Amino acid sequence: MRTLKLIGAGLVVLVVAAFLAVYGVLRASLPQLDGRLRESDLKAPVRITRDALGVPTIEAADRVDLAFASGFLHAQDRFFQMDLSRRLAAGELAELFGTVALDHDRQTRLFRFRAIARAVVAEGTPRQRAVLEAYTRGVNAGLAALGARPWEYWVLGQAPMPWRNEDTVLVDYTMWWDLQAHGLQREMLRQEINARLGGPTCAAGWKCALSFLYPAGTNWDAPAEATAAGVAVPAMAPVPDAAALDVRASDNLSPAGAPEVHAPAAGSNNWAVAGSQTASGAALIANDMHLGLRVPTIWYRSRLRIPAHAQLPELDLNGVTLPGTPLLVAGSNGHVAWGFTNSYGNWFDVTPAPCVAAEGSAPLITVHEEIRVRGAPSVGLDVASGPHGLLWRTDQATQRCWFIAWLAQLPAATNLNMMELEHVSSVEEALALAPQIGIPHQNAVLGDRAGHIAWTIFGRIPENTGAERTRGDGAWTTAADHPRIVDPPAGRLWTANARVATDPRQLELIGGNLASLGSEYNLGARAGQIRDDLMALSRPATPSDMLRIQLDDRAVFLGRWRALLLTLLDGAALQDHPRRAEFRRLVESWNAQASVDSVGYRLVRAYHDQTQQAAWTMLLQALRVARDDDSRPPEQFEGPLWQLVTTQPLHLLAKDYADWSQFLRAQVDATLALLAAKCPQLARCTWGARNTVQIRHPLSRALPWLAWLLDMPALELPGDHDMPRVQDGTQFGASERFAVSPGHESEGYLDIPGGQSGHPLSPYYRAGFNAWARGEPLPFLPGATEHTLTLQP
């Protein structure tokens with residue numbers, strides 16, 4: 001017995017020792033927060049202070065030292081995030097994770113972004129390259145200064161690879177991928193529909209049918225320019241007649257449903273209020289960029305300062321940075337503030353061609369790439385390209401080849417010119433710079449201390465608006481013709497991924513040859529609700545007014561669908577249908593908000609999505625267009641859908657249904673069946689149960705027993721996609737939320753959905769998450785100093 005006790009005690013000692021060893025290694029990879037570190041690459045001391053949330057203020061003598069220190073901090077707090085970003089764009093994730101990442105690597109390696117990134121670095125100005133090189137040195141110095149490699153690499157059993165100059169550009173290409181690549185598949189679907197409608201059976205009316213399926217816009221998203229000037233928004237295309245599209249004559253149309261949770265397109269909100277309408281007299285900028293949510297957060301809060309000296313004014317940058325890059329992405333430089341939403345437009349061309357003809361017209365150029373795979377042999381990949389662009393996909397059954405030409409593939413479309421935004425002192429200076437900024441195309445709203453506001457596109461735009469615009473053969477826009485709106489009479493500007501401009505030439509520059517088809521603009525319900533909220537401001541605006549708009553979760557868009565349901569589910573429809581009756585009762589009693597306790601909102605939203613997908617699928621099947629996982633309707637399909645359900649043209653309804661009322665009631669039953677699997681008791685089917693945010697670390701699925709430590713708390717949150725407060729599903733929502741007036745930063749606020757650190761043992765790992773979830777504003781500027789670290793030459 002004594003021997004067993006000794007063995008048991010020994011095992012306990014071993015377990016405790018192993019735990020302490022692991023804990024010690026993890027602790028060793030935490031950054032040093034106080035004291036002094038010597039770094040030979042600096043020209044002068046750099047002072048780094050942190051507040052209670054871990055937000056750093058970096059004070060350096062010049063821009064090169066400031067970049068070094070930024071890289072140092074990014075690496076110490078977020079190196080694994082940076083590594084994933086560069087690998088995602090380069091198609092090098094399999095080298096870290098093995099065969100599980102091979103399919104993704106095959107997709108992104110096709111574009112050879114690492115080679116393009118090297119070309120971008122080579123084209124930078126001497127000042128830009130000096131800043132980039134300093135940032136790279138800072139990243140590698142910060143990595144080396146840790147007591148142990150970042151904890152994720154211990155889990156993966158690998159050593160981190162050093163940072164290279166082109167890796168910063170690869171992080172930018174990851175944003176290109178996240179913000180635009182989803183449109184490639186969507187454009188292929190549009191081309192398929194175009195080909196079907198353009199066939200000999202409907203040559204007379206195919207343009208009408210195509211413009212019906214892909215409309216230019218609706219009156220929800222009337223832009224600021226239109227609102228101020230009374231400009232009419234585009235009218236909906238007429239319903240195509242049976243000669244153009246006859247669904248009823250088609251056979252074998254199977255019903256289709258919509259998953260209750262779908263992957264939303266990238267989208268964001270931003271707006272500007274002119275100084276004449278604000279309490280401070282300076283312009284007021286609000287921004288919440290909606291992206292996939294993860295741990296650690298996408299953005300890294302920073303204050304970057306260079307004191308005034310000699311003939312140079314003070315540099316004081318506040319806002320969010322992107323780990324992997326040395327630039328302020330959104331925020332204020334004290335003179336001008338700015339924020340972004342993704343700009344949908346014609347930034348790529350997808351060309352179908354018979355494979356034989358494609359190969360015969362000009363020989364394809366092939367480059368061999370090698371994808372390294374952890375724990376397995378490397379995989380070869382041949383990248384072929386021709387006059388139409390990159391060979392993306394080959395359909396063996398039809399012998400059709402699909403070619404892609406994407407602006408992201410042109411080195412001239414990406415650059416480091418956003419660095420110059422740090423020094424602009426007025427909206428006019430920022431607008432002059434805009435055409436030269438090479439980033440994924442963004443709706444930028446700008447405001448300055450003098451109260452001026454403007455909208456423009458940050459991102460290079462070809463002058464050519466034809467199909468060949470993405471192949472790099474022409475000139476780029478200049479300040480003379482780059483899209484812009486300056487100081488509208490209404491004193492307000494807003495964007496929410498919908499149309500902003502009304503000028504035909506500006507719309508062509510953004511949408512190219514797809515301008516008349518909407519260019520994948522967002523539906524506009526969200527933009528319209530923001531517009532109405534802004535126009536309703538009755539007193540000089542303050543940051544707290546902006547927060548109220550950002551948190552607006554009223555269900556304005558779905559109101560007409562609720563009314564449709566209440567009319568549809570009349571006494572005859574409810575007879576002998578108790579589930580329908582309960583459905584109607586719950587819809588009737590909704591609170592008109594996407595609140596966590598609302599059952600009615602969830603039911604109306606589920607019915608809308610079901611009906612939309614069923615109608616879209618019915619049209620695709622009638623056109624004999626093959627569906628895939630991304631065959632969701634375009635954002636602007638809401639307009640045609642509403643025309644269908646209200647005008648009810650019989651030739652656009654499958655012959656399985658006697659009339660549209662039968663079709664619409666069938667979607668109620670399909671919605672009930674979908675919800676029954678998740679909510680056996682319909683009265684408990686709340687929106688919060690569906691809209692539970694689960695922000696996870698990339699490794700938590702592989703380490704489920706540590707999910708409690710790695711992931712943010714799972715919370716039911718209000719909001720949805722077609723309203724200002726965007727929270728759509730488990731991992732999509734506001735990646736940051738701020739409002740600020742340049743020169744009045746102390747009055748602004750800034751929230752992000754997590755902490756500054758990527759280390760779960762850091763006190764800054766979750767700092768700020770609860771404030772973000774509750775919609776509580778945290779100060780835009782860093783708070784009182786709690787730690788001070790000096791980097792000494």
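The set of residues in segment 726-769 being surrounded by fewer than 24 Cβ atoms within 10 Å (Cβ to Cβ) and of a type in the set (Lys, Arg) consists of ARG766 alone.
Restricting the first member to segment 497-519 and to residues that are farther than 17 Å from LEU213 by Cβ, and the second to residues that are crowded, with 21+ Cβ neighbours inside 10 Å and basic (Lys, Arg), the beta-carbon pairs closer than 7 Å and six or more apart or on different chains are GLY512/ARG469.
Checking ARG137, ARG114 one by one, the residue that is touching an Asp or Glu at 6+ places or on another chain (Cβ under 8 Å), basic (Lys, Arg) and either open to solvent by less than 40 Å² (accessible area, probe 1.4 Å) or not in a helix (DSSP H, G or I) (or both) is ARG114 and no other.
This table checks each residue for (1) among the aliphatic types (A, V, I, L, M); (2) open to solvent by 30 Å² or more (accessible area, probe 1.4 Å); (3) assigned to a loop (DSSP other than H, G, I, E, B); (4) more than 30 Å from ASP349 (Cβ to Cβ).
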position: ALA412; (1), (2), (3), (4): yes, yes, no, no
position: GLU422; (1), (2), (3), (4): no, no, no, yes
position: GLU468; (1), (2), (3), (4): no, yes, no, no
position: HIS482; (1), (2), (3), (4): no, no, yes, no
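For ASP105, are the conditions met, namely being open to solvent by less than 20 Å² (accessible area, probe 1.4 Å) and at pLDDT 95 or above? Considered against the rule, which asks whether it is open to solvent by less than 20 Å² (accessible area, probe 1.4 Å) and at pLDDT 95 or above, ASP105 comes out as yes. In segment 530-560, the qualifying residues are those that are polar (S, T, N, Q) and not in a helix (DSSP H, G or I), and the one that is farthest from VAL645 (Cα to Cα) is THR542. Could you tell me whether VAL445 is surrounded by fewer than 23 Cβ atoms within 10 Å (Cβ to Cβ), in contact with a strand residue (DSSP E or B) (Cβ under 6 Å, 6 or more places away or on another chain) and among the β-branched types (Val, Ile, Thr)? Here the answer is no, as VAL445 does not meet what is asked. Per the listing LEU641, LEU619, the residue uniquely crowded, with 22+ Cβ neighbours inside 10 Å and under 20 Å from TYR214 (Cβ atoms) is LEU619.
Conditions tested, residue by residue: (1) under 27 Å from the mean Cα position of the chain (by Cα); (2) open to solvent by 10 Å² or more (accessible area, probe 1.4 Å); (3) farther than 28 Å from ASP597 by Cα; (4) at pLDDT 95 or above.
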residue: ALA626; (1), (2), (3), (4): no, yes, yes, no
residue: GLN648; (1), (2), (3), (4): no, yes, yes, yes
residue: HIS651; (1), (2), (3), (4): no, yes, yes, no
residue: ASP656; (1), (2), (3), (4): no, yes, yes, no
residue: LEU664; (1), (2), (3), (4): no, no, no, yes
residue: LEU682; (1), (2), (3), (4): no, no, no, yes
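Against the definition (outside any helix (DSSP H, G or I) and in contact with a helix residue (DSSP H, G or I) (Cβ under 7 Å, 6 or more places away or on another chain)), how does ASP597 come out, yes or no? When the stated conditions are applied, ASP597 passes them. Summed over segment 370-380, the residues that are open to solvent by 30 Å² or more (accessible area, probe 1.4 Å) and assigned to a strand (DSSP E or B) give a count of 7. Scanning segment 26-51 for residues that are open to solvent by 40 Å² or more (accessible area, probe 1.4 Å) and under 14 Å from ALA144 (Cα atoms) yields GLN32, ARG38, SER40, ASP41. Mind telling me which of the residues ALA501, ALA527, ALA572, ALA563 ends up being small (Gly, Ala, Ser), surrounded by 16 or more Cβ atoms within 10 Å (Cβ to Cβ) and in a helix (DSSP H, G or I)? Unique residue meeting the criteria: ALA527.
Apart from one condition, CYS401 fits all of (1) open to solvent by 60 Å² or more (accessible area, probe 1.4 Å); (2) in contact with a Ser or Thr (Cβ under 6 Å, 6 or more places away or on another chain); the exception is (1). Could we say that GLN610 is over 24 Å from ALA244 (Cα atoms) and either open to solvent by less than 10 Å² (accessible area, probe 1.4 Å) or under 32 Å from the mean Cα position of the chain (by Cα) (or both) here? Judged against the criteria, GLN610 is a match. Out of curiosity, is LEU66 in a helix (DSSP H, G or I), of a type outside the set (Phe, Trp, Tyr), open to solvent by 20 Å² or more (accessible area, probe 1.4 Å) and out of contact with any Lys or Arg (no Cβ under 7 Å at 6 or more places or on another chain)? So LEU66 fails the test. The requirement of being under 22 Å from HIS368 (Cα atoms), part of a helix (DSSP H, G or I) and open to solvent by 10 Å² or more (accessible area, probe 1.4 Å) is not satisfied by LEU96. Of LEU364, LEU391, LEU431, all but one fail to be open to solvent by less than 10 Å² (accessible area, probe 1.4 Å) and not acidic (Asp, Glu); the exception is LEU431. In this structure, LEU4 qualifies as surrounded by fewer than 22 Cβ atoms within 10 Å (Cβ to Cβ) and modelled with pLDDT under 95. Residue check: is GLY54 of a type in the set (Gly, Ala, Ser), open to solvent by 20 Å² or more (accessible area, probe 1.4 Å) and at pLDDT 95 or above? Judged against the criteria, GLY54 is not a match.
Just one of (1) open to solvent by less than 10 Å² (accessible area, probe 1.4 Å); (2) out of contact with any strand residue (DSSP E or B) (no Cβ under 7 Å at 6 or more places or on another chain); (3) over 29 Å from PHE403 (Cβ atoms) fails for TRP455. It is (2). The set of residues from segment 771-791 being surrounded by 14 or more Cβ atoms within 10 Å (Cβ to Cβ) and not in a loop (DSSP other than H, G, I, E, B) comprises ALA771, TRP772, ALA773, PRO779, HIS787, THR788, LEU789, THR790, LEU791.
A single member of VAL668, VAL596, VAL645, VAL625 is touching a strand residue (DSSP E or B) at 6+ places or on another chain (Cβ under 6 Å) and in contact (Cβ under 8 Å) with a residue 24 or more places away in the chain, and it is VAL596. The residue of segment 275-288 that is nearest to TRP338 (Cα to Cα), among those that are in contact with a strand residue (DSSP E or B) (Cβ under 6 Å, 6 or more places away or on another chain) and open to solvent by less than 10 Å² (accessible area, probe 1.4 Å), is ILE285. Checking GLY124, GLY147, GLY142, GLY98 one by one, the residue that is in contact with a His (Cβ under 8 Å, 6 or more places away or on another chain) and either touching a residue at least 12 places away in the same chain (Cβ under 8 Å) or among the basic types (Lys, Arg) (or both) is GLY142 and no other.
Got a sec? Which of LEU672, LEU703, LEU717 is over 16 Å from ALA606 (Cα atoms) and at pLDDT 95 or above?
Working: LEU672 fails: over 16 Å from ALA606 (Cα atoms); LEU703 fails: at pLDDT 95 or above.
LEU717 is the lone residue from the list that is over 16 Å from ALA606 (Cα atoms) and at pLDDT 95 or above.
Taking the numbered list (1) part of a helix (DSSP H, G or I); (2) modelled with pLDDT under 90; (3) open to solvent by 10 Å² or more (accessible area, probe 1.4 Å) in turn, ASP473 passes all entries but (1).
Kindly evaluate ALA353 against the criterion of being under 27 Å from ASP105 (Cα atoms) and assigned to a strand (DSSP E or B).
For ALA353, the condition - under 27 Å from ASP105 (Cα atoms) and assigned to a strand (DSSP E or B) - is met.
The values are calculated or read from the model by the stated rules, or taken from the named source; none is laboratory data. As the structure is a prediction and not an experimental result, all values here were calculated from the model. Neighbour counts are summed over all protein chains in view; Cβ atoms, including those assigned to glycine, are modelled from backbone coordinates with ideal geometry. Ligands, DNA and RNA are excluded from the accessible area calculation, which covers all protein heavy atoms including side chains. Shrake-Rupley method; radii C 1.70, N 1.55, O 1.52, S 1.80 Å.
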